[in-house]
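Chemist: Dumping the structure here so I can ask a few things about it.
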Amino acid sequence: MKIQYLNATDQINDNDYVLALGFFDGMHIAHKVLLSKAIEIGKIKKKKVGLMTFSTHVLSYLKKEPFSHLTSLSEKATIASSMGFDVVFVFNVSSDLVSMHPEQFIERFLTRCDTVVVGFDFTFGHRGSGTVDTLKNHSEFNTVVIDEILYHQEKVGSTRIKEALSLGQIELANDLAGAHSVQSAD
């Protein structure tokens with residue numbers, strides 16, 4: 001598996017990819033559902049599978065604040081490789097990237113892809129103005145949206161894992177992260 005860094009001025013010209021797109025901090029059980037779906041689609045369609053992520057969290061970049069990662073970039077790459085991804089695309093977060101309008105982002109990075117897999121709450125582009133609906137409005141590629149994943153009737157997410165850790169709820173944090181075999185993700 002390779003890691004390819006992308007700048008705002010770059011372009012992806014290969015049309016053979018199924019892409020999982022997101023920041024993926026935590027690589028928790030909800031992320032793994034999304035990533036597994038991308039791998040599954042890639043196998044069915046006989047396409048390469050890529051994970052698209054960012055060098056840092058966009059909001060921390062905008063606020064000029066450090067970001068406390070649950071999962072480092074190298075850990076993301078290791079997990080992606082073990083799941084069967086062919087490449088990890090890493091966007092270098094910059095003022096050019098965060099000011100890019102959603103349509104420009106789509107044209108530059110997604111229109112030549114086969115399928116894009118995102119979570120239900122994925123946003124992108126200038127001020128997060130691009131949404132799942134923005135992606136669905138493009139017929140050049142398929143958009144697969146993973147519904148919200150709940151654990152004990154609450155959204156699984158990195159914020160919830162960080163809250164559990166701050167409260168000393170290590171077992172809950174491990175369950176959400178997928179460190180334990182979770183019986184039910186109701």
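Chemist: From 107, 140, 103, grab the single residue that is open to solvent by 10 Å² or more (accessible area, probe 1.4 Å), farther than 21 Å from residue 159 by Cα and in a loop (DSSP other than H, G, I, E, B). Spell out how you get there, then give the answer.
Modeler: Numbers: 107 fails: in a loop (DSSP other than H, G, I, E, B); 103 fails: in a loop (DSSP other than H, G, I, E, B).
Sole residue among the options that is open to solvent by 10 Å² or more (accessible area, probe 1.4 Å), farther than 21 Å from residue 159 by Cα and in a loop (DSSP other than H, G, I, E, B): 140.
Chemist: Here is a follow-up. For the stretch 44-55, which residues satisfy the criterion of being open to solvent by 20 Å² or more (accessible area, probe 1.4 Å) and part of a strand (DSSP E or B)? Walk me through how you get there before you give the answer.
Modeler: Restricting attention to the stretch 44-55, the residues satisfying the condition of being open to solvent by 20 Å² or more (accessible area, probe 1.4 Å) are 44-48, 54-55.
Matches in the stretch 44-55: 48, 54.
Chemist: Look at residue 75 and say whether it is on the phi < 0 side of the Ramachandran plot, in a helix (DSSP H, G or I) and at pLDDT 95 or above. Give the steps one after another, and end with the answer.
Modeler: Numbers: on the phi < 0 side of the Ramachandran plot: yes; in a helix (DSSP H, G or I): yes; at pLDDT 95 or above: no.
In short, no.
Chemist: So, one more: Which one of 25, 14 is open to solvent by less than 60 Å² (accessible area, probe 1.4 Å), in a loop (DSSP other than H, G, I, E, B), in contact with a strand residue (DSSP E or B) (Cβ under 8 Å, 6 or more places away or on another chain) and not hydroxyl-bearing (Ser, Thr, Tyr)?
Modeler: On the way: 25 fails: in contact with a strand residue (DSSP E or B) (Cβ under 8 Å, 6 or more places away or on another chain).
Only one candidate passes the filter, namely 14.
Chemist: Looking at 41, 3, which one is in a strand (DSSP E or B), touching a strand residue (DSSP E or B) at 6+ places or on another chain (Cβ under 6 Å), hydrophobic (A, V, I, L, M, F, W, C) and at pLDDT 90 or above? Explain how you work it out, then say what you get.
Modeler: Numbers: 41 fails: in a strand (DSSP E or B).
Being in a strand (DSSP E or B), touching a strand residue (DSSP E or B) at 6+ places or on another chain (Cβ under 6 Å), hydrophobic (A, V, I, L, M, F, W, C) and at pLDDT 90 or above holds for just one of 41, 3, which is 3.
The values are calculated or read from the model by the stated rules, or taken from the named source; none is laboratory data. Only a predicted model underlies this, so the values are computations on that prediction, with no experimental measurement involved. Note: ideal-geometry Cβ built from the backbone for every residue, glycine included; neighbour counts use all protein chains shown. Accessible surface areas use protein heavy atoms only, side chains included; no ligands, DNA or RNA. Shrake-Rupley method; radii C 1.70, N 1.55, O 1.52, S 1.80 Å.
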